[in-house]
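For reference, the structure is listed below as C-alpha cells.
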Amino acid sequence: MSARGRRELTYAMLLCLAGAALALWAATRGWSVEVTARPAPLPPVRAARSGAALLPWLPALALVALAGGGAVLATRGRVRRLLGVLLGVLGLAVAAGAAYGLVADLGGVVSRQWPALCLVGGLLVALGGGWTALRGGGWPAMGARYERPARTVTESKPTTATAAGPMAGRRTTEAWDALDRGEDPTAG
C-alpha cells in the first residue's frame, strides 16, 4: 500500500503543480490585441491584453494553486483532504475564468489558444485536488525526521550526552573568541 500511496501522492501533486504552472503561464500571455488606427503617416497602435489584464484574479488563483500543490506533500490526514477540496475549487475557478476568456468578446484580434491552455491547467488542478480530497487521507506523510521534536519540561537542562562535548561548560563568548583567534572551539 505504501508504494501505491506514494505513487498516487506523486501523481496528484504533479497534476496540481503542472496544472497551476500551465494556468499561470497561459494567463500571462496575450489573449487579445486591439489595433487602433491613427491619422495617415502614423502606424496603428497595437495594445496587447493578457489574461491577467482581463481577469486580474486568474494568476493569483493559479499562484495559490501552485503553493497548494506543494503543500499536498507537507500535509497529512484530514488537512490534506481539506487541501484537496480547496485545490479542486481553485482549479474549477481558474477553469471558469479561462472558459470566460474563450467565449467572451474581448475586442480586437483574439487568440483562443491561451485561454484554452489556461482551461486545461485549471482542470488539471481540479483533477489533482479532487483525487487528493478522495484518496489523500491514506497517503504517506513526510517522515518524523522533518518535524521538530516536542520539548518537555524535563528537557530544559542539557543532558550529560550533549554537555560532554568540547564546548561543555564554556560560555558562548569564549567560543567566539576562539574563532577570532583562528582556533576550532569544537576540537577538544
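Tabulated values for the structure
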{"item": "Distant-in-sequence amide H partners of W31 (H built 1.01 Å from N, under 5 Å)", "result": "R49, S50, G51"}
{"item": "Residue order, fewest to most surrounding Cβ atoms within 10 angstrom, among V72, V85, V110", "result": "V85, V110, V72"}
{"item": "Exposure proxy ranking, count of Cβ atoms within 10 Å, fewest first, for Y100, Y11", "result": "Y11, Y100"}
{"item": "For T75, T36, order by how many other beta-carbon atoms lie within 10 Å, fewest first", "result": "T36, T75"}
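Only the coordinates and a few stated rules stand behind these numbers; no lab work does. Quick caveat, the model's predicted, so the values are computed rather than measured. Cβ coordinates were reconstructed from backbone atoms using ideal geometry, including for glycine residues, and neighbour counts include every protein chain displayed.
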